[in-house]
1. List the lysines whose Cα sits under 17 Å from the Cα of residue 53, skipping any in the same chain fewer than 8 residues away.
2. In the neighborhood of residue 47, defined by Cβ-to-Cβ distances under 14 Å, what is the net charge if each Lys or Arg adds +1 and each Asp or Glu adds -1?
3. If you take every DSSP beta bridge whose two residues both sit in the chain, what share of them, in percent to the nearest 5, is antiparallel?
4. Note down the Stokes-Einstein diffusion coefficient of the chain in µm²/s, whole number, using a Kirkwood radius over alpha carbon pairs, 10 °C, and 1.306 mPa s.
5. Can you give the local net charge around residue 211? Use residues other than it whose beta-carbon is closer than 13 angstrom to its beta-carbon, Lys and Arg +1, Asp and Glu -1.
6. When Lys and Arg each count +1 and Asp and Glu each count -1, what net charge do the other residues less than 12 Å away from residue 176, Cβ to Cβ, add up to?
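Rule-based calculations on the coordinates, nothing more; no lab input. Keep in mind that this is a model prediction, so the values were computed, not measured. Here the Cβ is made from the backbone with ideal geometry for all residues, glycine too, and neighbour counts use every protein chain on show.
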Amino acid sequence: MSELNLVLLGPPGSGKGTQGERLRDDLRLPYYATGDILRAAVRDETELGRTAKEYMDRGDLVPDEVIVGVIAERIDSEEAADGFILDGFPRTVPQAEALGAKLGELGRALTGVLLIDVSDEEVMRRLGGRRTCERNGHVFHVEFNPPEREGVCDIDGSPLIVRDDDKPEVIRKRLETYHSKTEPLVDHYNVQSLLRRIDGAAPPAEVADALSRTLATLRMEADEAV
Ligand code: AP5
């Protein structure tokens, strides 16, 4: 079977992390979420984390040159030989171009870009109630996807916290950043016939079903092209 190289695209809070975790388990592919990678670096006080923190706290993107190397290294690794799922990367046109160049260098290409589409109003509602597992970033929502025990991650028992960038004024800034810097990728990938749009406003299980159907089609197309 051909490799599956996927990108999850969408505004903050559209459900990329929620669906990305499911996809990682279903497809058994490595899942690289740049937000999680950067938050771990901030927590571990690495050089990457020290650089990234000020940008993240105010809802800006970290500079392209900081993040491109982080992802290039991972897709060039043995574990990503059969494919990968990228969440939160690329987020700018230069990042998309760098990803395309790296894949070209490796003789590979993207299989599909899955856009999880939701409105700004829904983003505000979702991020206001999000709770995130402190250790591994598993995501919950106080109303839409509550944990079994309040304040505790169902998966690894870690405390659930409110992310620093889930304050209303930072959420608004992140949305602005998405519309100005990341949304141009919709056209960028549409003209390459890679974009698949999923309605992210439905409940998580329905979004997961829509993603599965889209992936089945992408797989068929990729196998036919081999
Ligand atoms: P990152 O962590 O990637 O943040 P984001 O893209 O803003 O996405 P989120 O994690 O906020 O949301 P999500 O789409 O994963 O939604 P989730 O599943 O959690 O990045 C953080 C920061 O890092 C950036 O601001 C930037 O500074 C930096 N950064 C990262 N990548 C970068 C890059 N490439 N370049 C430069 N800088 C970069 O869901 C949200 C909530 O909704 C949850 O509570 C969930 O339970 C709930 N929910 C999910 N689906 C549904 C549903 N269908 N119905 C109801 N509720 C739902």
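1. Once the sequence-local lysines are set aside, what remains near residue 53 is 167, 173.
2. Within the 14 Å Cβ shell, the charges total -1.
3. Of all bridge pairs located within the chain, approximately 30 percent are antiparallel.
4. 88 µm²/s
5. Local charge sum for residue 211: -1.
6. Cβ neighbours under 12 Å give a net charge of +1.
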